[in-house]
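Here is the structure we will look at.
What follows is calculated from the coordinates using simple rules that are stated; it is not laboratory data. Only a predicted model underlies this, so the values are computations on that prediction, with no experimental measurement involved. With ideal geometry, Cβ positions are generated from the backbone for all residues, glycine too; neighbour counts draw on all protein chains shown.
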């Protein structure tokens with residue numbers, strides 16, 4: 001892993017259920033060099049949207065945390081927006097997918113994909 005002594009740790013949490021789902025997806029990809037990147041970008045109906053994707057890169061300013069072998073990285077611009085956020089995985093009749101409970105979101109849209 002690209003951890004260096006200057007790598008910061010972020011305050012994003014990954015539940016055990018979400019970590020297991022990420023592990024499963026990585027096994028399906030057959031890759032052990034990917035990390036889960038969590039980012040915030042402008043867009044959506046409330047101003048900001050979440051992005052979760054696999055990334056092999058480790059960029060300058062990224063903060064990292066390990067959750068049982070699943071590395072989660074957050075870029076320095078997204079870190080303040082995501083501090084204290086919890087990523088979970090829902091698997092029910094109504095919904096399947098990753099969810100983000102973010103205490104920094106002042107408001108969100110009805111679809112739950114963007115926030116302010």
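Worth pointing out:
- Highest average first, the peptides 58-71, 93-106 ordered by how many other beta carbon atoms sit within 10 Å of their residues are 58-71, 93-106.
- In this rough spin-label picture, where each label sits 7 Å from Cα along the Cβ direction, the residue 25-residue 76 distance is 2.7 nm.
- Extension gain, residue 60 to residue 41, is 5.1 nm, computed as 0.36 nm per intervening residue step minus the present C-alpha separation.
- Ratio of Rg to Rh over the range 13-115 (Cα coordinates, Kirkwood Rh, two decimals): 0.95
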